[in-house]
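The values are calculated or read from the model by the stated rules, or taken from the named source; none is laboratory data. Just so it is clear, the model here is predicted, and its values are computed rather than measured. Quick reminder, even Gly has a Cβ in these numbers, built from the backbone with ideal geometry, and neighbours come from all protein chains shown.
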Amino acid sequence: MIQCSVIVRLINWESAHSGEVLPSNLIHLTYNATSWCSFNTGSKQYQPAHGTRVKKTDTVFQNPLEAIADFSFDATVADVFEDMVNRSVPGYGLLIALIKTVTCQFAQKNSHLYDLGCSLGACALSMHDGSVAIPGCHIIGIDTSEDMLHRAQILTRQKNANNIEFICEDVRNVSLGDASVVVLNLTLQFLPIEDRGRLIQKIFHALLPGGVLIISEKTSNPNDVDQVLLSQLYHGFKADQGYSKLEISQKRDALDNVLIPESISEHQARLESVGFEQVLPWYQAFSFVSLLAIKK
Ligand code: GEK
């Protein structure tokens, strides 16, 4: 990750929440290739008054926890999610940017583009950017976390992405249709394995001919030696992002019963079994893999 730090003198900045006067007019900024973060102004976080978005640092698992509860996408996580996902998913920023490129290729006029498990709407925004030249594209982000969607709405409004709608619902319960692009970016892994086939089948039926499903997952590797190496590399990546050993192990324990990875071949087999004619891996960073599944 490209990261640099600067100390700047504040001119016309205000508190994120109240516009109160800063305790110091110096602020420490870091830039991590996607956006600016701010901290080091005492106990509070501040953001620029105009324009630049501020990303809060993920400290959710920093302190020792007596008991580790299952991971959930609650307000605490939503508040730091942008930082968390960028520092926890290798290549996340590139993957999001490439979803725009895939969208340019596959979006069809007067169709629906779905972001299933949209969190803060990063993929929805990327699909928005990739479909601006195609008339009648309606983008729908779906998530069960109200805390995520509240923030997603603010972020998309800031970008004037007015053709994005958000729905707070379980992806297993929504009806989908007239779709040219469907994104399942790191979402299927949170569903019970027995529910995954039905969702993939529903997506296949919702897609128009020529439509694409972009599915990204943390995968398991059937070869034990490879699995160990990929896990070591992943922990090295997280350490490089500034996470301590304690943070890495507490988060891993919290995700243990919640994120259930499958192998690339299990995903491919499921996609082919529901009818996708072309299924190809197109992106990989360690165990994080993305597949394109195309309906002819
Ligand atoms: C991104 N796609 O930034 N129905 C709807 N939403 C769900 C469900 C469900 N059954 N289960 C989990 N979620 C995003 C990142 S995060 C992945 C996706 C991660 C939602 C959950 O609330 C969360 O917002 C999202 O899926 C998973 O590209 O944090 O590793």
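Residues that are modelled with pLDDT of 95 or more and among the small types (Gly, Ala, Ser): find the helices (runs of 4 or more DSSP H) completely inside the range 207-296 holding 3 or more of those.
Those helices (runs of 4 or more DSSP H) span 224-240, 264-274.
For the range 223-234, how many residues meet the condition of being within 16 Å of the ligand (Cβ to nearest atom) and free of Cβ contacts under 8 Å to residues at least 40 places away in the same chain?
0
Which one is nearest to the ligand (Cβ to nearest atom), of the residues in the range 101-114 that are surrounded by fewer than 24 Cβ atoms within 10 Å (Cβ to Cβ) and within 22 Å of residue 196 (Cβ to Cβ)?
The extreme case among them is 102.
Only residues that are among the basic types (Lys, Arg) and either within 8 Å of the ligand (Cβ to nearest atom) or in the same structural domain as residue 185 (by TED's automatic domain parsing) (or both): list them for the range 57-100, please.
100
Among the residues of the range 155-162, is there at least one that is near the ligand (Cβ under 9 Å from one of its atoms) and surrounded by fewer than 16 Cβ atoms within 10 Å (Cβ to Cβ)?
For the range 155-162, residues near the ligand (Cβ under 9 Å from one of its atoms) and surrounded by fewer than 16 Cβ atoms within 10 Å (Cβ to Cβ): absent.
Name the residue that is farthest from the ligand (Cβ to nearest atom), counting only residues in the range 115-125 that are under 19 Å from residue 176 (Cβ atoms) and not in a loop (DSSP other than H, G, I, E, B).
Taking the candidates together, the pick is 124.
Please go through the range 169-187 and give me each residue that is more than 9 Å from the ligand (Cβ to nearest atom) and either at pLDDT below 95 or under 13 Å from residue 116 (Cβ atoms) (or both), ordered by number.
175, 176, 179, 181, 182
Could you list all residues from the range 127-142 that are surrounded by fewer than 23 Cβ atoms within 10 Å (Cβ to Cβ) and within 13 Å of the ligand (Cβ to nearest atom)?
140, 142, listed by residue number.
Just one of (1) closer than 30 Å to residue 66 by Cβ; (2) not assigned by TED's automatic domain parsing to the domain that holds residue 200 trips up residue 261, so point out which.
(2)
Just to verify a result, which residue in the range 188-208, among those that are more than 18 Å from residue 127 (Cα to Cα) and away from the ligand (no atom under 15 Å from the Cβ), is surrounded by the fewest Cβ atoms within 10 Å (Cβ to Cβ)?
205
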